[in-house]
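The structure appears below as structure tokens.
The values are calculated or read from the model by the stated rules, or taken from the named source; none is laboratory data. No experiment lies behind these values; they were computed from the predicted model shown. Every residue, glycine as well, gets a Cβ built from its backbone with ideal geometry; the counts of neighbours run over all protein chains shown. Side chains are part of the model used for accessible areas, which takes the heavy atoms of the whole protein and leaves out ligands, DNA and RNA. Shrake-Rupley method; radii C 1.70, N 1.55, O 1.52, S 1.80 Å.
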Amino acid sequence: MKNFNVVLLACVLFASAYGCSQQSVRQDDGRDGFVYVHDVIPDVILDVRYHSNDNFMGTVVDGYHRDVILISKPAAAALSKVQDDLRQQGFGLKIFDGYRPQKAVNHFVRWSENPADRLTKQTYYPDLPKDRLFELGYIARKSGHTRGSTLDLTVVNLASGEELDMGSPWDFFGEVSHHDSPLVDSTATANRELLRQTMVRHGFLPYANEWWHYTLANEPYPDTYFDFNVE
């Protein structure tokens, strides 16, 4: 009973600040349900831009302590099948992001609320005002990435190592990045469709506004947002 009271008190105190519900940020170390992508798919290519200055904020993002990709175990198992499928066609995956801690999302929010910071505007959002990125669905205060089963990725040619032409760069905010955008040519449309069909075939769902963004349909933590570091 004493232990129960301690847990109850902790929940009450936490609820006063964050809300004691499944949909609040999970502060405990929930990484037991996660794996490193490269441990499951040794030949996958990683390009962890949020662990560098080469991203839409122009700085290393909070919580990204190593250039590794973590995702939930079920997502990794499904992604391994995607890689096997593509490999038979002479292609492979390059991954930009997977699990994203809530502290990183909070960093995105602070960046969006600073109108003076326009360092990356011409590269990542040349045609959009910064204060509309939430409204248009390019940034969210609660991200599917934080649940651990969402990935940002593209396809590479295994012979050359080069990315397939997708018509727009990863994390480019604009209509050209929408899956079915009429602004891209037939080659980019076919390459996006290759990625989409392969991901969907192995249990992932696309996000209409971003050709690179996929979430495992049967994600194991649909209502939980984690905050441990990527390390």
- [ ] Exactly one condition in (1) at pLDDT 90 or above; (2) within 14 Å of the chain's Cα centre (by Cα); (3) open to solvent by less than 60 Å² (accessible area, probe 1.4 Å); (4) not aromatic (Phe, Trp, Tyr) is not met by LYS142; state its number.
- [x] (3)
Task: Residues (among the aliphatic types (A, V, I, L, M) and part of a loop (DSSP other than H, G, I, E, B)) located in the stretch 205-220 - done: ALA208, ALA217
Open item on the list: Residues that are hydrophobic (A, V, I, L, M, F, W, C), open to solvent by less than 60 Å² (accessible area, probe 1.4 Å) and under 24 Å from GLU219 (Cα atoms): list the helices (runs of 4 or more DSSP H) wholly contained in the stretch 31-134 that include at least 1 such residues.
Closed with: 37-40, 73-87, 102-112
TODO: Could you tell me which residue of the stretch 135-165 is farthest from VAL176 (Cα to Cα), considering only residues that are of a type in the set (D, E, K, R) and outside any loop (DSSP other than H, G, I, E, B)?
DONE: ARG147
Open item on the list: I need every pair where a residue in the stretch 213-231 that is closer than 14 Å to ARG100 by Cα and open to solvent by less than 50 Å² (accessible area, probe 1.4 Å) has its Cβ under 9 Å from the Cβ of a residue that is of a type in the set (A, V, I, L, M) and modelled with pLDDT under 95, sequence separation at least 6 or different chains.
Closed with: THR224/VAL25; TYR225/VAL25; PHE226/VAL25; ASP227/VAL25
Task: Hits in the stretch 170-225 - residues which are more than 27 Å from ASP54 (Cβ to Cβ) and touching a Pro at 6+ places or on another chain (Cβ under 8 Å) - done: VAL200, ASN218, GLU219, PRO220
- [ ] Please enumerate the residues belonging to the stretch 185-204 that are of a type in the set (A, V, I, L, M, F, W, C) and farther than 21 Å from ASP47 by Cβ.
- [x] ALA190, VAL200
- [ ] Under 8 Å between Cβ atoms, at least 6 apart or on separate chains: pull out the pairs that start in the stretch 186-211 with a residue that is closer than 21 Å to GLY137 by Cβ and end on any residue that is assigned to a helix (DSSP H, G or I) and polar (S, T, N, Q).
- [x] ASN209/SER177; GLU210/SER177; TRP211/SER177
TODO: Please enumerate the residues belonging to the stretch 66-99 that are in contact (Cβ under 8 Å) with a residue 60 or more places away in the chain, closer than 9 Å to LEU153 by Cβ and of a type outside the set (A, V, I, L, M, F, W, C).
DONE: LYS94, GLY98
